[in-house]
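K.L.:
Here it is, the structure, as structure tokens.
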Amino acid sequence: MAKVKNTRVKQTNISKPNKKINKNKDSKIFVYAILIAILTIIVFSDSIRNYFVNNFDDIMYISSANNAKALIVKDIGTIFSSYVAGIYHPLTLLSLTIEINLFGTDATHFHLVNLVIHIFNVLLVFWFIYLLTKRIEICVIVALFFGIHPMHVESVSWISERKDVLYTLFFLGSLIAYLKYLKDGTKYKYLCYSVILFLLSLLSKSAAVCLAPIIVLIDYYLSRKFVLKTIIEKVPYFLLAIIFGIVSLTSQSSAVAMSALSDFKFSFIDRILLVSYSVMFYIIKALAPFYLSAIHYYPLKIGGMLPIEYYLAPIGIAFILFLIIKFRKIRKELIFGFLFYLISIFFVLQFIPVGYAIVSERYSYVPYIGLFFIAGKLYCDFADNKFGNYSKAGRNYIIFFVAIISLMFSYLTYERNKIWKNDVVLFDDVINKNPEVGHCYWARGNAKYELNNIEAALCDYNIAIEHNYKYADVYDSRAKCYFDMDSIPLAIESYTEAIKLDNKYALAYYNRAHARQKLMDYIGSIDDYKKAIENNIDNIGFVYNEISFSQMNLNDLQNALISVNKAIELDPDYASEYIINKAKIEYLQNNFEASLQDYNRAIESNPNSDLALFNRGLLKIAMKDTTAACKDFSQAAELGYAKANDAMKLFCR
């Protein structure tokens, strides 16, 4: 009996310290997570001061969100049934739309929300790794590097990449819910939560399809048996992945990006080398995040050969596979980390060269969790003396090394945020990294043009052409500069070059027509306007109105009237503007009553139309109603129409 009593005492004594240990452990987890979050906020704090990067998709996303800001049923339907930039991510667009509703279109709050979501992602990474490994050291290393890594600046500091941070939020939530389900296989509610969060992740960005195979990878890591139950569990994940994979392919095939294949012709072997390079690029940048750029252009082939690093990349991959085979004691961890990285990066590797960038820094956002997991696991295995060479001094050296790396990452990230300040600063940096690539000069020229720095924009467009970036868009952009500088013949010449390069370029035809109008080449302008219509230009009603203007100046009043009526029919939203043109044509036809009726309609629709008031005043002079004419001239003058003052001096003494 005494033995039993002693045993009970012993058991009681054991249970008390366990509770204390667990409490201390929970406190440690909380403190570490908060400290990592605070450091992440500090290193990304400068991003909140940045502006939009309009020529790098921001204007496209904000405009799309702004168009649906009323959030009525029709707007929400549009959000969930349309693509932006060839990508289906309605939840991302909805989040931007809600922000515009609440805070307006200032850039600050968009950057702030991106950062807040990133902080939540850091905490979720910490939680996910803890549930997976139960090791605080691994959680700290993975969450810390995930939070402050310079390669993640693009995902956080670029407003357009709201989709990246948002899909990751739901992605990590889905993985955490799945691990909670695995903890107790009878709690199917967590499995349901996981599938729902996966759906939300897919609605934020289709890159989330990689979660389905990662769920299988987690089963492998936790040594789950692949029986019927585990297979059935995965069915909803793979069904959703397949559905959204098809949606993604459909959306991309509708986008310009999909048709804009890389200009460089790469052989099958070249493509293998390009993919190998991409795989190694992200791994190397995880360790040494230097020489970062918003765009990493495809390599030039010199003498039919790619740069040397492309031939070394497959050797690097082979070496990694050798290490996985060699380190038997941690093989499962190495396989898990590397496959997590590879699966989540797989769908953005350039198997088919598209666009002008071979790799993009934002693509590292989720995949780096796998690589940082390996780093955290290696530290723990050393601390656990798994390799038989543990020493306190060695452990201290490793901690010191991690601290130095963290400081370096923090500094690089803080500085990198400044590069995303605006278009001009961003493309200054891209040009510094790629001085021989014409595309970046064109992009910077567009940014300068939007700032009304016309001469500087023209200089960049000319440099782009000198660097053999000879595309229709570039010549069209250059022509607009010439037009704004009143160098109309040069503008027409540059528009003509654009059309030679792309004879389906509707906007170039329209712009050349406008330039020809300014030189009073009305016949040439009508031909170009008609070409623009043939090539499906937007706002056809506006183009017909311009045609009517040219026909009116050629005294072809009958056809001018037909054209303006066509404009009113096709574009009723702007009918009040077109009616002014119609009334003027009727005036020239001496059809004063019809003209007066149309001017009245235009002014009724827009009482502040100074042009309509002035023109109606001239019509009333012709109709011998000087008193009414002077009243119209007076109202037009009050609205700032300069010619109205001259008319008053002439007719209203």
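No lab work stands behind these numbers, since they all come straight from the coordinates. Since this is a predicted model, take the numbers as computed values, not measurements. Neighbour counts run over all protein chains shown; Cβ positions are idealised from the backbone, glycine included.
K.L.:
By count of other Cβ within 10 Å, fewest leading, how are Arg224, Arg362 ordered?
P.N.:
Listed from fewest to most nearby Cβ atoms, that is Arg224, Arg362.
K.L.:
Ok, one more. So what's the angle, to the nearest 10 degrees on a 0 to 90 scale, between helix 506-518 and the longest Cα principal axis of the chain?
P.N.:
Tilt of helix 506-518: around 30 degrees.
K.L.:
Compute the long axis of helix 557-570 from its Cα atoms, compare it with the longest principal axis of the Cα atoms of the chain, and write down the angle in degrees, 0 to 90, nearest 10.
P.N.:
Its long axis makes an angle of about 30 degrees.
K.L.:
Need the full-extension length gain, Lys643 to Asp538, defined as separation in residues times 0.36 nm minus the C-alpha distance. One decimal, nm.
P.N.:
34.5 nm
K.L.:
With a sphere of radius 15 Å drawn around the Cβ of Glu466, what net charge do the other residues whose Cβ falls strictly inside it have (Lys, Arg +1; Asp, Glu -1)?
P.N.:
Neighbour charge sum, excluding Glu466 itself: 0.
K.L.:
Run the paramagnetic zone check for Ser81: 7 angstrom along Cα to Cβ, then residues of the stretch 194-233 with backbone nitrogen under 20 Å.
P.N.:
Inside the label zone: 203-204.
K.L.:
Related question: Using only the alpha-carbon atoms, how far is helix 522-534 inclined from the longest principal axis of the chain? Give it as 0 to 90 degrees, nearest 10.
P.N.:
It works out to around 40 degrees.
K.L.:
Whole-Å semi-axes of the stretch 85-186's equivalent ellipsoid, largest first, each the root of 5 times a Cα gyration tensor eigenvalue? Each step should come with its number before you reach the end.
P.N.:
Working: eigenvalues 160, 57, 23 Å².
They are 28, 17, 11 Å, listed from largest to smallest.
K.L.:
For the chain, just give the cysteines left without a disulfide-compatible partner, judged by no other Cys Cβ under 4.7 Å.
P.N.:
Cysteines lacking a close Cβ partner in the chain: Cys139, Cys192, Cys210, Cys380, Cys440, Cys459, Cys481.
K.L.:
What percent do you get for the relative contact order of the stretch 18-419 when only Cα pairs under 8 Å and 6+ apart count?
P.N.:
With pairs under 8 Å counted, the relative contact order is 21 percent.
K.L.:
Calculated FRET efficiency, Ile404 and Asp384, Cβ-Cβ r, R0 30 Å, to nearest 0.05?
P.N.:
Working: r = 23 Å, r/R0 = 0.77.
For R0 = 30 Å, the calculated efficiency reads 0.85.
K.L.:
Still on this structure, please answer the following. Within the stretch 305-340, what residues put their amide N at less than 18 Å from the label point 7 Å along the Cα-to-Cβ vector of Phe226?
P.N.:
From the stretch 305-340, the list is 332-333, 335-340.
K.L.:
Once fully extended, how much extra length lies between Ile243 and Asn553, figured as 0.36 nm per residue of separation less the alpha-carbon to alpha-carbon distance? All intermediate terms of the calculation are to be shown ahead of the outcome.
P.N.:
Details: separation 310, 0.36 × 310 = 111.60 nm, distance 5.64 nm.
Between Ile243 and Asn553, full extension yields an extra 106.0 nm.
K.L.:
Got a sec? How would Phe614, Phe128, Phe226, Phe346 order by Cβ neighbour count within 10 Å, fewest to most? Don't jump to the answer; show the numbers that get you there.
P.N.:
Working: Phe614 22, Phe128 25, Phe226 11, Phe346 16.
Fewest-to-most ranking of Phe614, Phe128, Phe226, Phe346: Phe226, Phe346, Phe614, Phe128.
K.L.:
Report the gain in length on full extension from Tyr411 to Ile352: 0.36 nm times residue separation, minus Cα-Cα distance, nm rounded to one decimal.
P.N.:
17.7 nm
K.L.:
Efficiency by 1/(1 + (r/R0)^6): what FRET value for Val235 and Asn432, r their Cβ-Cβ distance, R0 = 45 Å, to the nearest 0.05?
P.N.:
Computed FRET efficiency for Val235 and Asn432 comes out at 0.35.
K.L.:
If you average the alpha carbon positions of the stretch 138-178 and of the stretch 350-380, how far apart do those two centres end up, in angstrom?
P.N.:
12
K.L.:
Filter Lys180/Lys229; Lys74/Lys504; Lys134/Lys183 down to the pairs with a C-alpha to C-alpha distance above 21 Å, please.
P.N.:
Lys74/Lys504
K.L.:
Taking neighbour Cβ counts within 10 Å as the exposure measure, how do Glu604, Glu309, Glu497 sort from fewest upward? Write out the running numbers ahead of the final one.
P.N.:
Working: Glu604 11, Glu309 14, Glu497 18.
Ordered by Cβ neighbours within 10 Å, fewest first: Glu604, Glu309, Glu497.
K.L.:
Taking R0 as 22 Å, what's the FRET efficiency between Met305 and Asn468 from their Cβ-Cβ distance, rounded to 0.05?
P.N.:
Efficiency, from the Cβ-Cβ distance: 0.70.
K.L.:
Could I ask something else about it? For the chain, what is the mean residue ellipticity at 222 nm derived from helices alone (per DSSP H run of n ≥ 4: -39500 (n - 2.57); sum divided by total residues; nearest 500 deg cm²/dmol)?
P.N.:
Theoretical 222 nm ellipticity from helices: -24000 deg cm²/dmol.
K.L.:
Have a look at Phe56, Ser82, Leu172 and report the one farthest towards the positive end of the charge dipole of the stretch 52-173, computed about the Cα centre with Cβ charges (Lys/Arg +1, Asp/Glu -1).
P.N.:
Result: Leu172.
K.L.:
[x] 126, 65, 46; [y] 119, 60, 46; [z] 74, 72, 58: which one is Cα extents along the principal axes in Å as calculated from this entry?
P.N.:
Given [x] 126, 65, 46; [y] 119, 60, 46; [z] 74, 72, 58, the structure-derived one carries the label [x].
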